[in-house]
Amino acid sequence: MAQVVVWGLRGQLESRRTVLSDAIHAAVMSALDYPAEKRFHRFVGLEPEDFVYPPDRGADYIVIEISMFAGRSEQAKRRLIAELFRRIADEVGIAPHSVEITITETPQVNWGIRGQNAADLALNYSVEV
């Protein structure tokens, strides 16, 4: 499981939401061997007075927060971060300097999905990549 929240300026996110979602999902699928049908993205567009960041980041600045099951290798997480920077630059046009990424991992037992504890679910993909 991977839940993605993208924070940015409202106008910037609105004009790029689809291409940004596509780039993020492609990176997650590539780096984590993640199924195509498991896309969970939320975009939080903020007004300029509600989104404070260093001026050298520019209006394109976004923060990507990824919550996922624990179990991925350090190599997989490094691959994911590199893929995100590359795809967002190439496909969306946002420079890596204007992108920040955090990954938060929790045990499956800490998730509730489809009416069950995630530790009891049969997944159609491997978490241990």
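The values are calculated or read from the model by the stated rules, or taken from the named source; none is laboratory data. Here the structure is a predicted model, which means the values were calculated and not measured. With ideal geometry, Cβ positions are generated from the backbone for all residues, glycine too; neighbour counts draw on all protein chains shown. In case anyone asks, the SASA skips ligands and DNA or RNA and just uses the protein heavy atoms, side chains included. Shrake-Rupley method; radii C 1.70, N 1.55, O 1.52, S 1.80 Å.
Filter region 7-55 down to residues that are exposed (fewer than 12 other Cβ atoms within 10 Å of the Cβ), farther than 21 Å from His97 by Cβ, over 11 Å from the mean Cα position of the chain (by Cα) and of a type outside the set (A, V, I, L, M, F, W, C), then give me how many there are.
6
Among the numbered criteria (1) in a strand (DSSP E or B); (2) open to solvent by 30 Å² or more (accessible area, probe 1.4 Å), which single criterion is violated by Val63?
Failing condition for Val63: (2).
Would a scan of region 62-72 turn up a residue that is closer than 24 Å to Ala118 by Cα, in contact (Cβ under 8 Å) with a residue 60 or more places away in the chain and small (Gly, Ala, Ser)?
Checking region 62-72: at least one residue is closer than 24 Å to Ala118 by Cα, in contact (Cβ under 8 Å) with a residue 60 or more places away in the chain and small (Gly, Ala, Ser).
Any residue at all in region 89-103 that is touching a Pro at 6+ places or on another chain (Cβ under 8 Å), at pLDDT 95 or above and part of a helix (DSSP H, G or I)?
The answer is yes; a qualifying residue exists.
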